[in-house]
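Nothing in this text is a laboratory measurement; each read-out follows from the coordinates by a stated rule. Since the structure is predicted, the reported quantities are computational estimates derived from the model, not experimental observations. All Cβ positions, even for glycine, are placed from backbone atoms using ideal geometry, and neighbour counts span all protein chains on display.
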Ligand SMILES: *Cc1c(COP(=O)(O)O)cnc(C)c1O
């Protein structure tokens, strides 16, 4: 049975201090994985990972990644503010947004972040709102289907993001005319891919496009951003992506396409989120109810407001009943949260060891797009986030929401707030 990074003894200690539910992160795992990525691309002089802040927007996590040499990829005003306060600046910040409000561009420009434009019309929009910087990037959407080995990985033609190929040529020319010195090229064409071929196929396409754009427009292309999309094995039958192999395959493409074109100074960037954090976080909860009707249900103190992926995408997350890892999985359960929504199920018809009320239930691989996608439906409150440090100690890195947080934005209604105080 697949285990997570925490065991029952450690958790028993942790819950004396912090009540469930909470998200727990594994500092050691995060650091070791970040080092593997860095090593895999160490052949490229300018390589940099810009962690996708939206995956796990917590300043302590950002700081750990910064210590491992990462920058941040932001997509909104608040992500920029968080990154600035966490100590990132200038070329350590990538700003990859879409349908961007002008305040966001103004802040990105003030921080001297690298702006990655989503659309050709944003050139003029940016020029009017914040001015055009010397270094800028454009996001490519080639349309059609994105195919690897005859399998459709995703459908860029349906995606709202990016410039078409002809818009890239026009956009690069316009930007060079407006005084841009260094250009970047970006694309994100498939999400959560555990195949080792995604980055190499994407890299080849972007490298070839970069060579063409350089010939057509004379633009100096300084970096190519492979963005996010490397997946993690949520299911025990899946294999993790082999990051060293991926690095070597991208290197091959670099040597075959960019070096002969004299473009060997190009830096490779990534904007991984899930791959950086996913496996190094889990959602810790307690079984608080058991109900037997037409099916057997276990009700947790966590719900989809703490982890939306199963409800939203039908995503699989592995579940451990702590302390029973070696017991036979001879009970079939639906594991549910308490939202008034029937899709609030962390697992459906899952075979697990017999669960007793009070058992600690750990939902695996929630380190990315977990807490971050939380919401307040049904008046449910967001949980705490806790860091398991390398020395085995724990640190509260975000407290749980309280009812007062939930009511805070109603402070425009003075009469209501007064009643709330006295009830
Ligand atoms: C979401 C996102 C990422 C990260 O995606 P993962 O699947 O978590 O790797 C990177 N770049 C952009 C622009 C994104 O929107």
Calculate, in nm to one decimal, what residue 150 and residue 220 gain on full extension: separation in residues at 0.36 nm each, minus their alpha carbon distance. 21.8 nm
For the chain, set up a Gaussian network in which alpha carbons nearer than 10 Å are linked by springs, and say which option among 128, 252, 63 fluctuates the most. 128
Antiparallel versus total DSSP beta bridges in region 27-278: what percent is that, nearest 5? 10 percent
Set the Förster radius R0 to 45 Å, insert the Cβ-Cβ distance between residue 173 and residue 78 as r into 1/(1 + (r/R0)^6), and round the FRET efficiency to 0.05. 0.85
Specify the angular offset, from 0 to 90 degrees and rounded to the nearest 10, of the alpha carbon long axis of helix 27-40 from the longest principal axis of the alpha carbons in the chain. 20 degrees
Between residue 422 and residue 356, what is the label-to-label distance in nm when each label sits 7 Å out along the Cα-to-Cβ direction? 4.9 nm
Pick from 211, 362, 53: which is most flexible by mean-square fluctuation in a GNM of the chain where alpha carbon atoms under 10 Å apart are linked? 211
Given R₀ = 45 Å, FRET efficiency for residue 32-residue 293 by Cβ-Cβ distance, to 0.05? 0.50
If neighbour count is taken as other Cβ atoms inside 10 Å, put 136, 152, 224, 243 in order from fewest to most. 152, 243, 136, 224
Find the relative contact order for region 279-410 and round it to a whole percent, using C-alpha pairs within less than 8 Å whose residues are 6+ positions apart. 29 percent
Would you calculate a helix-derived [θ] at 222 nm for the chain, using -39,500 (n - 2.57) for each DSSP H run of n ≥ 4 and dividing by the full residue count, to the nearest 500? -8500 deg cm²/dmol
What is the order of 276, 373, fewest Cβ neighbours within 10 Å to most? 373, 276
Taking every eigenvalue of the Cα gyration tensor of the chain, multiplying by 5 and rooting it, what semi-axes result, largest first, whole Å? 41, 26, 19
Can you compute the modelled spin-label distance between residue 125 and residue 13, with each label point 7 Å from Cα toward Cβ, in nm? 5.1 nm
Given 0.36 nm per residue, what is the gain on full extension from residue 348 to residue 158 after removing their alpha carbon distance, in nm? 65.4 nm
What residues of region 297-316 lie in the reach of a label at residue 375, counting those whose backbone N is under 12 Å from a point 7 Å from the Cα along Cα→Cβ? 304-309, 311-313
If the chain between residue 402 and residue 242 were fully extended at 0.36 nm per residue, the gain over the current Cα-Cα distance would be 53.4 nm
Would you mind telling me the antiparallel percentage of the DSSP bridges in the chain, rounded to 5? 45 percent
Least to most buried among 217, 121, 129, 409, by other C-beta atoms within 10 Å and fewest first, runs 409, 121, 129, 217
Region 27-278: relative contact order from alpha carbon pairs under 8 Å, six or more residues apart, as a whole percent, is 21 percent
I need to check one value: relative contact order of the chain, counting alpha carbon pairs closer than 8 Å and at least 6 residues apart, in percent. 18 percent
I want to check the label-to-label distance for residue 134 and residue 410. Put each point 7 Å from Cα in the C-beta direction and report it in nm to one decimal. 5.3 nm
